[in-house]
């Protein structure tokens, strides 16, 4: 089988185990069906996720000019506390920023090898947690907009990390459960006073089952340094494809890359 197209982040469905689909220019390839098969990935070009031109990806799937111009790559995407749409102030495109920022958001704790804090739009639950490779996730605050969630996150990340350590996430082999509700109780005092009203208790704990076993070793590669790669697909966690020998590629970080994918039957 042979496929070709622009990489977009994998689509996932929360099942037991999670079902993954590689998105190549809108064509979805069911990756769970390819475990144990030899895949060859060959980088053949770029396609910016915004302007669709064959221009080198700068960050987040955007070429350099689009990254600094598109509202979908603005600072508030990375740092929600900078949101200003609730004040009627736009950064790049107020109408689009209102669509993104002026909707319910959730502040959460997730276990990805460490307990971390994060923010997501409610419409991205549970996709956001699956993309991060979280084993457990627990909502701890429900807000009306992105700014409110961002301000809570800023206060809490003085006490908890807000980034996923990808190596710890892939190496983790936690058995049993981790008490995120206990973490929530311990950090409640760090909620900003004006945002205590968004604190949410008694939320359901989410647990995720990945088609993945902890490898003996981990080596990441990119298509910039290794434009052609062949390996046997062994597992998937977060947005990482894992191959025999401990090789891993982060699909999310390759958005906008055009590839040829060959599956050896």
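We did not get these values from a lab; they are worked out from the coordinates using the rules stated. Please read all numbers here as calculations on a predicted model, not as lab measurements. Reconstructed Cβ throughout: ideal geometry from the backbone, glycine too, with neighbour counts over all protein chains shown.
Annotation: extensible slack from residue 25 through residue 189 equals 54.4 nm (criterion: 0.36 nm per residue apart, minus Cα-Cα distance). Packing, as the average of other Cβ atoms within 10 Å across residues, places the peptides 252-258, 203-209, 67-73 in the order 252-258, 67-73, 203-209, highest first. Across the alpha-carbon set of the stretch 124-265, the Rg to Rh ratio works out to 1.05, Rh being the Kirkwood radius.
Diffusion coefficient (Stokes-Einstein, Kirkwood radius over C-alpha pairs, 25 °C, 0.890 mPa s) for the stretch 21-149: 144 µm²/s, rounded to a whole number.
Length available on full extension from residue 102 to residue 250: 0.36 nm per residue minus the Cα-Cα distance, which gives 50.3 nm. Pairwise inverse Cα distances across the stretch 179-241, averaged and inverted, put the Kirkwood hydrodynamic radius at 16.3 Å. Residue order for 49, 119, fewest other beta carbons within 10 angstrom first, comes to 49, 119. In terms of surrounding Cβ atoms within a 10 Å radius of their Cβ, 216, 201, 175 rank from fewest to most as 175, 216, 201.
Computed from the C-beta positions of residue 159 and residue 3, the FRET efficiency with R₀ = 41 Å rounds to 0.35. Given their separation in residues at 0.36 nm each and the Cα-Cα distance between them, residue 51 and residue 11 gain 12.2 nm when the chain is fully extended. Taking other Cβ atoms within 10 Å as a rough exposure proxy, 106, 234 sort from fewest to most as 234, 106.
Rg/Rh for the stretch 103-207 (Cα atoms only, Rh after Kirkwood) is 0.94. Just to be sure I understand: with springs between alpha-carbon atoms less than 10 Å apart, which residue in 157, 55, 225 has the highest mean-square fluctuation in the Gaussian network model of the chain? The residue with the greatest mean-square fluctuation here is 225. Note on semi-axes √(5λ) of the Cα gyration tensor in Å: of the candidates (i) 26, 19, 18; (ii) 34, 19, 17; (iii) 32, 25, 14, the value calculated from this structure sits at (iii).
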